[in-house]
Each structure stands twice: as C-alpha cells, then as structure tokens.
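The structure appears right after this line, and notes come after that.
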Amino acid sequence: PKGKRGGMTVEQDKARRQERRARIFVSEARVLRACMDVIEAHPAVALWWRQQTGAVKFGPRFVKFSFRGASDLMAVLQCGKFLAVECKATGKRASPEQAAFLDNVNDAGGAAGCFDNPLKLKDWLDGLSKPAQNAPKSLRS
C-alpha cells in the first residue's frame, strides 16, 4: 500500500469510509440470541447447550465456571459430531484462547467456528449437514 490511503484515490477512500460507517453494529448478546435460535431450529443439531463461563465468589470460596476460551454454544450433531460455536459482535474476532479452543475442536474431528452473523452460522450448518460426495456409502445419510 502506498501512502495513508493504500494506493486508493481520494474518491475510493471516501467511499470506503462511508461503507464502513454504514455497517450496522450488532452486539454480541444479540448475535448470541439469534445463533441460539438458529441452532435450536436446525435439523442437523441433535442437542445443544449454552456454555456459561466466568467466576463468582461464594463467601470465602471462589468458583470458576468452565475454562478460558470455551465457546459460547456447544452441540452434538445428528451424525454424532461435536460442534462448538463462538459468537461475536459485528466485526469482532475470537480471542487467542477462543481461537485455540476452536482449532482443538476442529483438529479432534469436531466442527467449530466463530460467527458475527447468525445467517453465516445457518449457511455453515447447512453445509455441515450435507453428506460429502466422496464419503463411504455407510456414512451418507
């Protein structure tokens, strides 16, 4: 990129800035609620739960819920595959701990992703529920 505008003309830079301002910001709480609705209604999901994380002090005891990096939503698909879904506000990304957890789930044969839009989650779930063309016949639904 050249200069402050990365090689763009003044008009292109102005248009890019206006486009950024026009994006609608959706909070993580709203994205999470909408993603819960998508998972609840999707036929590929057998069961799911909201994974609460955090800590609280009960008298002298300090109790932790879950662990750092745990995804917001976890599920089991109809095919038996584990699913982890991290929900984020518009334009936000997973923390390093969350990204590591998602990578671990994917590496272990599960399915994991980070979403800032529930429609992207629905499309992704639709893709997961389709049988692979080269999968053995016994694994196809």
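When you scan the range 14-25, do you find a residue that is surrounded by 10 or more Cβ atoms within 10 Å (Cβ to Cβ), without any contact (Cβ under 8 Å) to a residue 40 or more places away in the chain and touching a strand residue (DSSP E or B) at 6+ places or on another chain (Cβ under 7 Å), even just one? No, the range 14-25 contains no residue that is surrounded by 10 or more Cβ atoms within 10 Å (Cβ to Cβ), without any contact (Cβ under 8 Å) to a residue 40 or more places away in the chain and touching a strand residue (DSSP E or B) at 6+ places or on another chain (Cβ under 7 Å). Checking the range 8-21 against the condition returns a match, with at least one residue being in a loop (DSSP other than H, G, I, E, B), in contact with a helix residue (DSSP H, G or I) (Cβ under 8 Å, 6 or more places away or on another chain) and more than 18 Å from LYS122 (Cβ to Cβ).
Contact map, the range 37-49: residues that are more than 11 Å from LEU73 (Cα to Cα) and in contact (Cβ under 8 Å) with a residue 60 or more places away in the chain paired with residues that are outside any helix (DSSP H, G or I) and open to solvent by 90 Å² or more (accessible area, probe 1.4 Å), Cβ distance under 9 Å, separation 6+ or inter-chain. Pairs shown: PRO43/GLN78; ALA44/GLN78; ALA44/CYS79; VAL45/GLN78.
Restricting attention to the range 45-75, which residues are over 22 Å from GLN98 (Cβ atoms) and at pLDDT below 95? Result: LYS57, PHE58, GLY59, PRO60, ARG61, PHE62. Which strands (runs of 3 or more DSSP E) sit wholly inside the range 56-127 and have at least 3 residues that are loosely packed, with under 13 Cβ neighbours inside 10 Å? Of the strands (runs of 3 or more DSSP E) lying wholly inside the range 56-127, those with at least 3 residues that are loosely packed, with under 13 Cβ neighbours inside 10 Å span 61-65.
The values are calculated or read from the model by the stated rules, or taken from the named source; none is laboratory data. Keep in mind that what you see is a predicted model, and the values were worked out from it rather than measured. All Cβ positions, glycine included, derive from the backbone under ideal geometry; neighbour counts span all protein chains shown. Remember, those area values only see protein heavy atoms, side chains included, never the ligands or the DNA or RNA. Shrake-Rupley method; radii C 1.70, N 1.55, O 1.52, S 1.80 Å.
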